[in-house]
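See structure below.
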Amino acid sequence: MTQVRRPGGARASGAHVVYVELKRRILDLELEPGARLHEPALTTELGVSRTPLREAVRRLIAENLLEQQPTGAVLVPLLDARDVVELYDVRAALEGLMAGTAARRATGADHDALRGLLARNEALVHFRDDAMVAGTAIHDRIGEIAGNAWAQHLHRQVSDQMRRYKLATNASEERRTAALGEHHDICAAIIAGDDVAAADLASRHVLGARDVAVRALGEPGAGTAPSRSNAP
């Protein structure tokens, strides 16, 4: 039985901890699209009662990460091409805004930080999951440099919804290598202080990933690349 635990090892029973664990499983595709949640099995597996589980499920339904059928059954939503287009279009606008603002605000220390993140992205490009984490760190840093709190908040919300689709876009090493090159171009524009180029490159980077994700929905597999490296 896999009991959810609080930091420090204490057994967890809170709805928030259950919510975090179920959300992770949904976004990492451990709970597959279309899968039905079985309450008795989950309460046993997670070591919790029905009340916190149901509270967590209601929260995930409100976030569109679970859906309740008229019969009462709760399912993991299917991956949907329309959702891909809408989510990526919103993210493209946010990424463009933040990259353009970052180009105007970035300091020398920010430039050094971006160079370091690019080096890590390059070192991990052969590993699907690690490359995704490294790429996300670059986007997050650009958002921090831009300093627009609302844009960062909306970006996090959209990124959460997109995580299931991003696993598909990162399956191909060819795509990961292309994304790395795009990250280099975006950061170069930011370092050069070219806000127009930075905004355009960041937006086109996301729209390119959108097109890859839409195509990937029609494919049976997501590739065979190793997901993680042994790098620290």
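Quick note: the coordinates plus some simple rules give every number you see, no bench work behind them. Values in this document were obtained by computation on a predicted structure and should not be read as measured data. Positions of Cβ are generated from backbone atoms using ideal geometry, with glycine treated the same way; all protein chains shown enter the neighbour counts.
Per-residue ellipticity at 222 nm computed for the chain from its helices equals -23000 deg cm²/dmol, with DSSP H segments shorter than 4 residues left out and the rest contributing -39,500 (n - 2.57). Computed on the chain, with alpha-carbon pairs under 8 angstrom and 6+ residues apart, the relative contact order is 24 percent. Largest GNM mean-square fluctuation across Thr71, Thr101, Thr44, computed for the chain with C-alpha springs under 10 Å, falls on Thr71. Simple rule: put +1 on each Lys or Arg Cβ and -1 on each Asp or Glu Cβ in the chain, find the dipole, and look at Val214, His155, Ala197; the Cα lying farthest toward the positive end is His155.
Phi angles across the range 172-179 convert, under the Karplus curve 6.51 cos²θ - 1.76 cosθ + 1.60 with θ = phi - 60°, into 3J(HN,Hα) values of 8, 5, 4, 5, 4, 5, 5, 5 Hz, Gly and Pro given as x.
Placing +1 on the Cβ of every Lys and Arg and -1 on the Cβ of every Asp and Glu, with nothing else charged, gives the range 81-216 a dipole about its Cα centre of roughly 300 debye.
The length gained by stretching the chain between Leu78 and Asp129 to full extension, at 0.36 nm per residue less their Cα-Cα distance, is 16.2 nm. Projecting label points 7 angstrom from Cα along Cα→Cβ for His16 and Ala137 puts them 2.7 nm apart. Note: relative contact order over the range 15-75, using C-alpha pairs below 8 Å and six or more positions apart, is 42 percent.
Here the contact order of the range 1-131, divided by its residue count and restricted to Cα pairs under 8 Å and six or more residues apart, works out to 21 percent.
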